[in-house]
Structure formats: structure tokens, C-alpha cells
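S.K.: Can you read through this structure? Questions will come right after.
The values are calculated or read from the model by the stated rules, or taken from the named source; none is laboratory data. The structure presented is a predicted model; accordingly, all values stated were derived computationally and were not measured. In this analysis, Cβ positions are derived from the backbone assuming ideal geometry, glycine residues included, and neighbour counts consider all displayed protein chains. Note: areas computed on protein heavy atoms with side chains; ligands, DNA, RNA excluded. Shrake-Rupley method; radii C 1.70, N 1.55, O 1.52, S 1.80 Å.
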Amino acid sequence: MPTPIGHALAGLAVAGIAGRQNRPRPVHVVVLVFCAVAPDLDLLLRLVDGVNHHRGPSHSLGMAVIVATLGLALVRLRPGLPGGLAMGAAWASHVLLDYLGIDTVKPFGEMALWPFSREFFIAPAPLFYDVPRSFTAEAIRHNLTAVAIEVAVLAPVVWLSFAGRFRKTRP
């Protein structure tokens, strides 16, 4: 599964796409990057109850729809936030990247279609490395390679999502 850096890059790309007419506001970038990384907060639940909830319902398109719906309501209360659809898209980017990642922990994959299915899904030909959660020299090298692949794949997507936004206009 991709690193937080890969997920943050995907959120940044969503921010670029969502702000098509003009530059996205900094608060939009922060909120959308947070939404793209947030599904991994389920790792903290293990600290509470000792059960592995990772890659469960928080890693699903159903949760992306819930986030989009909550985002639409939140935007009515706080008009300066990005649109709810952009928040849902940023959340869904996490689901897509994890689907395309190597998983070495059973059950392999993620509950991408929750609440309609509790089945786990994973791409037959993964693109992104897994992330060992240790600090050995080998794990650090592995994670640096994972980040390099994520940057190589996602940085062009981010660049394209922002292309042309920062050119100076002629008077």
C-alpha cells in the first residue's frame, strides 16, 4: 500500500483538478490532502481495541460517498472549504492507490465496495510498493524506493492538474 507521501500527492492532484478555473486556495489544498490521507487513521483504532481495522470500511468508495455528502453539508456551514465532491474524490484517491498497491498482510486488499460487499479487493498487477512499518536499514531502503516510485508516477499527475495556473497573464 502506498506511503502517506503518495496519498498526499494524490490529494494535491485532486486540489489542482478541483480548482480548474483558478488557483486552489491553501485551505482547499490542506483539506483535500487531509481527505486523501485520512483513511489510514483507521490504524489508530488498533491502539484503542487491539483489533486490526486497517483497510476496512474507511478504505471504500462507500466511505468516499459519505465524506462527499458530509462535505456538501459542511460547505454550507463553512463556505470557504472545498466542495464536498472534491473531498469525496480525494478520499476515493486513497482507495484507488491502495487498490493498486502490494499488500503483504492478510486479508489482502481493501473493502473497496463497502457497504455493498465486505470482500477485499486488490489489483492483479500492483503498481505501488507496500510499506513495512519497521526501522531496519532494509525497511528504510524499501520505503525510499516506494516513495521514489510514487513520486515518479504521481508528480506528473500533480503537475498536469496545476498546469497553466501559475502563468502570469498579460495586461
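S.K.: Taking helices (runs of 4 or more DSSP H) that do not extend beyond region 1-57, which have at least 2 residues that are under 21 Å from L100 (Cα atoms) and open to solvent by less than 10 Å² (accessible area, probe 1.4 Å)?
M.R.: 4-18, 26-37
S.K.: Among (1) surrounded by 16 or more Cβ atoms within 10 Å (Cβ to Cβ); (2) under 20 Å from A13 (Cβ atoms); (3) under 16 Å from the mean Cα position of the chain (by Cα), where does V151 come up short?
M.R.: (1)
S.K.: Got a number for residues in region 101-117 being open to solvent by 20 Å² or more (accessible area, probe 1.4 Å) and in contact with a Pro (Cβ under 6 Å, 6 or more places away or on another chain)?
M.R.: 2
S.K.: Let me ask something else about it. In region 58-81, what residues are within 16 Å of the chain's Cα centre (by Cα) and part of a loop (DSSP other than H, G, I, E, B)?
M.R.: S60
S.K.: Right, something else. Can you spot a residue in region 70-79 that is closer than 21 Å to G11 by Cβ, surrounded by 19 or more Cβ atoms within 10 Å (Cβ to Cβ), touching an Asp or Glu at 6+ places or on another chain (Cβ under 7 Å) and modelled with pLDDT of 95 or more?
M.R.: So far as region 70-79 goes, no, none of its residues is closer than 21 Å to G11 by Cβ, surrounded by 19 or more Cβ atoms within 10 Å (Cβ to Cβ), touching an Asp or Glu at 6+ places or on another chain (Cβ under 7 Å) and modelled with pLDDT of 95 or more.
S.K.: Test of understanding: among V27, V51, V33, which residue is β-branched (V, I, T) and within 8 Å of the chain's Cα centre (by Cα)? Break it down stepwise before answering.
M.R.: Details: V27 fails: within 8 Å of the chain's Cα centre (by Cα); V51 fails: within 8 Å of the chain's Cα centre (by Cα).
On inspection, the qualifying residue turns out to be V33.
S.K.: Among the numbered conditions (1) at pLDDT below 95; (2) open to solvent by 70 Å² or more (accessible area, probe 1.4 Å), tell me where D130 comes up short.
M.R.: (2)
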